Amino acid sequence: MNKIGLIVSREYITRVRKKSFLIMTLIGPVLFAALIVLPGWLATIEDREVQEIAVVECDVNGQPVPDSLQFFRDVIPNKENIAFTYLTGMKLQDILKAYEATDYDGVLFLPQNLISSGREAYVEFYYRKPPSMGMEVHIARSIEDFLFSNKLIVKNIPADVIQSLETKISLNRINWKSWPAQHEDTTDVKRGLGYVGGFLIYIFIFMFGAQVMRGVLEEKTSRIVEVIISSVSPFQLMMGKIIGIGLIGLTQFVAWLILTIGISAFAQQVILPKPAAISMEQVVPADIMNQDASVVQPVINNGNKQEAAMMLSGIIKQLGQINIFLVIGAFIFYFLGGYILYGSLFAAIGAAVDNETDTQQFMFPITIPLILGLFVMINSFINPSGKLAVWFSIIPLTSPIVMMARIPFEVPVGQLLASGALLIITFLGTTWLAAKIYRTGILMYGKKVTYGELWKWIWYKG
Amino acid sequence: MFLFSARNIVKRYSNHLALDRVSIHVPEGTIFGLLGPNGAGKTTLLRIINQITAPDEGELFFAGRKFHAGDVVHIGYLPEERGLYKKMKVGEQALYLAQLKGMSRQEAMNKLKHWFVKFEIQAWWNKKVEELSKGMQQKVQFVTTILHEPKLLIFDEPFSGFDPINTNLLKNEIRELKLKGSTIIFSTHDMGSVEELCDNITLINKSRTLLEGDVHEIKMNHKLNVFEIGFRGDQEPILNALNGNCQVVDQYEGEQDRFIKIRAGSGITGNDMLKMVLPHASITSFNEVIPTMNEIFINVVEAQNQSKSHNHE
């Protein structure tokens, strides 16, 4: 019906003309990249601050040991952000008493009887600032390694044998399906793609769902709603709004896609000296046995520029091997499905309350499955065919987010169909439910609404 | 012929009955007043007419046949709580609302130009609604209500928020719409404007119809046989002349004359009364007192409320 069309176009046009839409379209990709990269980056920034740790050793009687008799001297190697100082001839109490006078960030106390400890032992660490997880692991691991080889040495096992005991394993993944062709493994790019897709859907549902809610609330509080629903049905008004804002979301997505492709093409031109000259053989080290092949690691030392170019061209090449149209198609389907599902619920909330602060109590139950979806998604891009991932990618409340993480890996058609069908059925259901609440809510003012009240509204006649 | 009728409308909400078998009949080409104290159920009835909510029982008729949802394009509704999109430009918004009522863009544009000139608001076309004063917004909303020239116009408290000049402008506009053939349902608490404008009324109180009919007839039916006598001199002789048959309702002094309002006993006409007092006083005026709609409103509503509370006890 063309009245819905009118509403959709009003919702669309008023939003697409806003400056905020233009700004978001331009800086959105940067913002999201930052959102994904920033936490890791911030962690490294903090770590760069060097922590000075004093190591105090004592003999079995608790007395300080001279330089030459120290067991643990240089056992824990320095890291770029941790420096260990091995104190000699000092009792633990002395250094602890000097809290004000020294600059040490922490004191590690290593009694020599640690050497003869059993399966488990504790080591005291005195801190000014709680140690980071990385530091704890580093210290514990170093002592463990030392004690391990020490115990073997005591049993007269030669040092070179001890060295050869340890082997570090990384999987060199080769897609069986494409074997024996020389296909490069694309797992990491797939993971990245799935992660970005799932994350983007999560953000989109929240962002545009909230826009629906605010839009409904605006119509309600400005009281224009009564005029409009004397011309169109409440259902038309609600759907018009949901569709209009959904189209805004799609526009933004397409704009970002084009922008991203444009920027990376540009970057390739600028960073890459001779794009055609670089082949995959150069990108992936020939000597795969010694390399962690899961990351495309350039071995050429010709500076960062070339290294970045290698990375980029490697990723682009890998992307070529993924069914990118399936990914984009799935993104659009799951975005729309998830958005309509949650958007209609957001619309119902907007209709039920009088002002933005009252939305909180109803937002809570909607937020829970979304956040759950995000957590499962993060888990499933590590294990895309695990039970958890499979089930949550079929359950409609979380499927839009979780399925995106699985899509780049081949998902069985049956699961895809089940997930899609359930999503459609569910959003039809939530839309029906929301329309009932919406219809009554938009004309209800000055009343604190409870869940019981909402339940009654659902069953009101016409 | 009735352009619109609602018959035996019942609307229940979870904890109360909003309308209890209320009927209204609106003759074509007239102004119909829907009156009642706050909370009587007026807004609910107006929403039912506008298809915003559905009645639990009862039927609506439009132009002689059953009302169907598509008929809302023949209605223009100005709700009591006014509202427009605040961030949207006036002209764009008016166009949008007109199109929602089924007008084409071009047609809406032409009519809007006409009305914007008539109301001298052309300069507002590109302004955002939030930049206008409340009165200005109301004017815009009035224009958007009547723009599609609906057969039935519904105004809920149309004058609230207007200054006397704009109120007058609006009243004239409403009269003009009636002359052009529109039928108007008009809900208000302002009884003065009811007397000025309405042909028929229905008064509802506590979800039920209390009074209905032609305004003039209602006023005649509610006459209480009260007369106002203007005179000079003492009032004692007048009261003596009336001989206890009548009851003084009110008395007051004008600049030159004194006035007394007297309710005549049963069977006593104005002529009888005049005959009785004429020899005893210097009469300067003699009028039958016709009750105002305001008085009728208060009397009937209070009477019903009292009888109800008696019934409850």
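The values are calculated or read from the model by the stated rules, or taken from the named source; none is laboratory data. Everything numeric here is computed off the predicted structure, so don't read it as measured data. Neighbour counts run over all protein chains shown; Cβ positions are idealised from the backbone, glycine included.
Annotations
- Checked across the stretch B:260-271, the condition of being in a helix (DSSP H, G or I) and of a type outside the set (Gly, Ala, Ser) holds for at least one residue.
- Exclusive hit being touching a residue at least 12 places away in the same chain (Cβ under 8 Å) and either more than 30 Å from residue A:378 (Cβ to Cβ) or out of contact with any helix residue (DSSP H, G or I) (no Cβ under 7 Å at 6 or more places or on another chain) (or both), set A:438, A:451: A:438
- Looking only at the stretch B:7-31, residues that are farther than 12 Å from residue B:203 by Cα, away from every other protein chain (no Cβ under 13 Å) and either of a type in the set (Asp, Glu) or in contact with a Gly (Cβ under 9 Å, 6 or more places away or on another chain) (or both) come to 9 in all.
- Selected residue (only one of B:204, B:218 is modelled with pLDDT of 85 or more and assigned by TED's automatic domain parsing to the domain that holds residue B:8): B:204
- Residue count for the stretch A:419-455, restricted to those that are assigned to a loop (DSSP other than H, G, I, E, B) and of a type in the set (Ser, Thr, Tyr): 2
Each row is one residue, and each column tells you yes or no for (1) closer than 30 Å to residue B:37 by Cβ; (2) outside the structural domain of residue B:35 (by TED's automatic domain parsing); (3) out of contact with any helix residue (DSSP H, G or I) (no Cβ under 7 Å at 6 or more places or on another chain).
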| site | (1), (2), (3) |
| --- | --- |
| B:118 | no, no, yes |
| B:124 | no, no, no |
| B:128 | no, no, yes |
| B:134 | yes, no, yes |
| B:137 | yes, no, no |
| B:146 | yes, no, no |
| B:150 | yes, no, no |
| B:155 | yes, no, yes |
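- Segments classed as helices (runs of 4 or more DSSP H), wholly inside the stretch B:124-243, with at least 3 members that are in contact with a strand residue (DSSP E or B) (Cβ under 8 Å, 6 or more places away or on another chain) and within 14 Å of another protein chain (Cβ to nearest Cβ): B:134-146
- In the stretch A:199-232, residue nearest to residue A:333 (Cα to Cα) [restricted to those that are hydroxyl-bearing (Ser, Thr, Tyr) and more than 8 Å from every other protein chain (Cβ to nearest Cβ)]: A:202
- Residue within the stretch B:97-109 that is outside any helix (DSSP H, G or I) and within 20 Å of residue A:218 (Cβ to Cβ) present: no
- Which listed residue is under 15 Å from the mean Cα position of the chain (by Cα), within 15 Å of residue B:184 (Cα to Cα) and within 14 Å of another protein chain (Cβ to nearest Cβ), from B:46, B:34: B:46
One line per residue, one yes/no per condition, for (1) free of Cβ contacts under 8 Å to residues at least 40 places away in the same chain; (2) of a type in the set (S, T, N, Q); (3) at positive phi:
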{"residue": "B:212", "(1), (2), (3)": "no, no, no"}
{"residue": "B:220", "(1), (2), (3)": "no, no, no"}
{"residue": "B:250", "(1), (2), (3)": "yes, no, no"}
{"residue": "B:267", "(1), (2), (3)": "yes, no, yes"}
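- Picking from residues in the stretch B:49-77 that are surrounded by 15 or more Cβ atoms within 10 Å (Cβ to Cβ) and away from chain A (no Cβ under 11 Å), the one that is farthest from residue B:154 (Cα to Cα) is B:58.
- Index of the failed condition, residue B:120 passing every other in (1) part of a helix (DSSP H, G or I); (2) away from every other protein chain (no Cβ under 14 Å); (3) within 29 Å of the chain's Cα centre (by Cα): (1)
- Residue satisfying condition, being under 21 Å from residue A:237 (Cα atoms), within 12 Å of another protein chain (Cβ to nearest Cβ) and at pLDDT below 90, within set B:92, B:80: B:80
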